[in-house]
Amino acid sequence: MDARSRIRSAALADAAALVAIERRCFSDPWSEPSFREALGSEWTFGLVAETGRGLAGYLIGREAAGSGEVLNLAVAPEFRRRGIGGALLEAGLVAFRRRHATEVVLEVRESNRSAQALYVARGFQPVGQRASYYRNPKEDALVLRLPLRQPA
């Protein structure tokens, strides 16, 4: 990861910056109220990668009944290929373990090969597919799963 960036917990005050990244990364972006709702829920958590130039990326995760889910992971285009996505994912996995999740699942666009490579490199495996999961443009999602080992 870029030496001038750090991972920290997301705050409600970060919502507008998260929306700005979201709009640049996704064709069907979350709204600011959606981010605020996620960041204010006891079931979810957010992490951000912060640089001297502002936020570079974020991860939103949710855990319930021992199962974790990566709801959203994005890195602003100008910060990609610097290890930030991997650092956010690793920090997210630590957070899921702290919440006692025994597995983590996520959906990823079938066409998003770079995201798939990131997840597979961390041990996620395909376990299913969701037809027409994404709306704009319409596309299937691959469902990936990672069993988590709890520290001894």
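The values are calculated or read from the model by the stated rules, or taken from the named source; none is laboratory data. Bear in mind that the values here come from a model prediction, so they are computed numbers and not experimental data. Every residue, glycine as well, gets a Cβ built from its backbone with ideal geometry; the counts of neighbours run over all protein chains shown.
Of all the residues in the stretch 114-150, those that are in a loop (DSSP other than H, G, I, E, B) and over 18 Å from G61 (Cβ atoms) number 2. State which residue pairs qualify: first residue free of Cβ contacts under 8 Å to residues at least 40 places away in the same chain and inside the stretch 8-23, second residue surrounded by fewer than 18 Cβ atoms within 10 Å (Cβ to Cβ) and in a strand (DSSP E or B) in any location, beta carbons under 8 Å apart, and separation of 6 or more residues or different chains. Within 8 Å, the pairs are A17/G54. Which of the residues spanning the stretch 76-125 are of a type in the set (S, T, Y) and within 15 Å of the chain's Cα centre (by Cα)? Once the filter is applied, which keeps residues that are of a type in the set (S, T, Y) and within 15 Å of the chain's Cα centre (by Cα), the stretch 76-125 yields S114, Y119. Exactly one residue out of V143, V75 is surrounded by fewer than 18 Cβ atoms within 10 Å (Cβ to Cβ) and modelled with pLDDT of 95 or more: that is V143. Only one entry in E42, E90, E37, E22 is within 20 Å of A117 (Cα to Cα) and either modelled with pLDDT under 95 or charged (D, E, K, R) (or both), namely E90. Looking only at the stretch 103-112, residues that are surrounded by fewer than 15 Cβ atoms within 10 Å (Cβ to Cβ) and modelled with pLDDT of 95 or more come to 1 in all. Selection of first residues in the stretch 29-55 that are over 21 Å from A65 (Cβ atoms) and free of Cβ contacts under 8 Å to residues at least 24 places away in the same chain and of second residues that are buried (at least 19 other Cβ atoms within 10 Å of the Cβ) and not aliphatic (A, V, I, L, M), restricted to Cβ pairs under 6 Å at least 6 apart or on distinct chains, gives the following pairs, ordered by first then second residue: P29/E22.
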